[in-house]
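Since the structure comes first, as structure tokens, the remarks are kept for the end.
The values are calculated or read from the model by the stated rules, or taken from the named source; none is laboratory data. Small disclaimer: the values here were computed from a predicted structure and weren't measured. Positions of Cβ are backbone-derived with ideal geometry, glycine not excepted, and every protein chain shown enters the neighbour counts. Please note that ligands, DNA and RNA were not included when accessible areas were found on the heavy atoms of the full protein model with its side chains. Shrake-Rupley method; radii C 1.70, N 1.55, O 1.52, S 1.80 Å.
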Amino acid sequence: MTEFELIARFFDRPIAPGGIVARGIGDDCALLDFGGPNQVAVTTDMLVAGRHFFADAAPADIGHKALAVNLSDLAAAAAEPRCFFLALALPSADEAWLLAFSQALLALAAEHGCVLAGGDTTRTPDAAGTAGPLTINITAVGEVPHGRALTRAGARAGDDIWISGQLGDAALALEASAGRVRLTASDAAAARVRLDRPTPRVALGLALRGLATACIDVSDGLIGDLGHILDRSKAGAVLEWAIIPRSHLLSVQEQKIQLGCVLAGGDDYELTFTAPPSQRSAIEAAGRAARTSVTRVGAITDGRDLIVRDEAGRPMDTPFKAYDHFGSYDQLKP
Ligand code: ADP
Ligand code: MG
């Protein structure tokens with residue numbers, strides 16, 4: 001059973017129309033409608049030590065990332081961050097850890113005008129003498145004018161596929177720390193920043209209102225996350241491998257590593273989105289306004305397949321799947 005089969009089988013149920021839930025399970029954010037001019041976007045993400053971050057990760061990095069991944073889901077919905085709730089299960093009350101964690105968390109929150117509005121604090125049990133695991137859950141709340149939220153549905157055949165920033169460095173950092181790739185200390189540190197300190201593309205998401213037809217944040221790998229857009233939009237896609245943006249650091253690695261990191265790596269928290277070709281210059285302007293690079297990497301098709309083509313236009317063999325918490329591809333999911 002995959003993570004998504006599990007959700008579908010045990011939790012995803014039809015929602016009767018007319019209630020406050022305008023969009024429920026299946027997108028980056030739920031959209032709630034209280035009758036005002038704006039809809040409320042809500043998302044929640046949990047980080048577990050040993051699963052989403054290394055147990056000895058710097059507390060400031062954990063604090064930053066715990067909120068960043070939630071802001072990234074608000075960005076994908078083109079919602080403006082407003083407030084968040086913080087639930088902590090801590091092995092102990094370590095003052096130095098809490099200071100660094102809270103400072104980084106609240107610094108990112110202040111940067112986005114997102115106010116901590118509540119939460120819950122508990123201690124984890126210490127089974128067999130080992131306390132933990134440290135678990136952090138954040139629920140973030142944003143606002144978007146009625147009907148202006150971006151969702152995973154809405155991509156249409158002929159739309160361009162765009163990506164913000166660069167993909168793959170976060171996964172490259174994991175490969176390096178697992179010893180599968182050798183990097184110089186400074187290169188490893190540069191990749192590590194992308195893994196530990198993702199930048200949620202909030203300004204870009206807001207600038208894409210009215211331009212993009214569908215949007216998702218790349219948390220589990222491009223193939224899988226673009227695949228969610230294709231599922232919800234009932235469409236196919238062609239990606240041009242050569243032009244998918246990646247760092248210089250990644251572009252000098254062997255092809256197999258590049259393919260794995262760019263297509264299946266995840267954790268970059270970039271946005272991938274679709275828009276008709278008529279919006280190309282408007283999207284480039286949106287990228288400039290948001291100080292975020294945007295690159296056109298392919299097109300939506302009326303098929304149902306996701307094809308990655310090489311420079312000669314030949315389909316590539318890309319046996320990559322998205323990260324699945326219950327699948328066999330069970331690396332440490334940062
Ligand atoms: P994201 O990574 O962008 O937060 P996911 O791909 O993890 O989203 O989740 C897919 C959808 O399933 C989301 O709409 C999420 O809210 C929903 N979901 C995940 N777990 C559960 C659960 N246990 N119960 C209900 N909905 C869930
Ligand atoms: Mg998401």
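Heavy-atom surface analysis with a 1.4 Å probe gives the stretch 55-124 a carbon and sulfur content of 58 percent of its accessible area.
Heavy-atom accessible area, probed at 1.4 angstrom with all protein chains present, ranks H64, H248 as H248, H64, highest first.
Could you tell me which helices of the chain pass both thresholds, a Cα extent of 15 Å or more along their own axis and a mean Kyte-Doolittle hydropathy of at least -0.5, with helices taken as whole DSSP H runs?
Helix filter hits for the chain: 59-76, 95-111, 185-196, 222-233.
Counting only protein heavy atoms and a probe of 1.4 Å, the accessible surface of the stretch 140-235 is 49% carbon and sulfur. Note that the chain presents 46 Å² accessible area per residue, ligands and nucleic acids not counted, probe 1.4 Å.
Find the centroid of the Cα atoms in the stretch 201-221 and in the stretch 65-106, then give the distance between the two in whole Å. Spelled out, the Cα-based centre of one part sits 20 Å from the other. The accessible-area ordering, largest first, of the residues E175, E5, E311 stands as E311, E5, E175, per a 1.4 angstrom probe.
In what sequence, largest accessible area first, do V252, V238 appear using a 1.4 Å probe? Spell out each step's value before the answer.
Details: V252 95, V238 20 Å².
If we order V252, V238 from most to least accessible, we get V252, V238.
If you run the Gaussian network model on the chain, springs between alpha carbon atoms under 10 Å, then out of A16, A171, A107 the most flexible one is A16.
Per-residue SASA remark: D187, around 50 Å² accessible (1.4 Å probe; ligands, DNA and RNA not included).
Percent relative contact order of the stretch 175-334, based on C-alpha pairs within less than 8 angstrom and at least six residues apart? Let's see the in-between values first.
Details: 210 pairs, mean separation 55.6, N = 160.
Dividing the mean separation by the residue count of the stretch 175-334 yields 35 percent.
Short-range pairs are left out: with C-alpha atoms under 8 Å and at least six residues apart, the relative contact order of the chain is 23 percent. Measuring spread by the Cα atoms of the chain yields a radius of gyration and Dmax of 19.5, 61 Å. The trypsin sites (Lys or Arg not before Pro) found in the stretch 74-174 that occupy coil by DSSP, while having at most 14 further C-beta atoms within 10 Å, are R148.
Annotation: the antiparallel percentage among DSSP beta bridges lying fully within the stretch 40-155 is about 70. Modelled spin labels at T121 and S293, positioned 7 Å past Cα toward Cβ, are 4.2 nm from each other. Of the residues G132, G179, G168, the one that moves most in a GNM of the chain with alpha-carbon contacts below 10 Å is G179. The distance linking the stretch 134-178 with the stretch 233-253 is 15 Å (Cα centroid to Cα centroid, whole angstrom).
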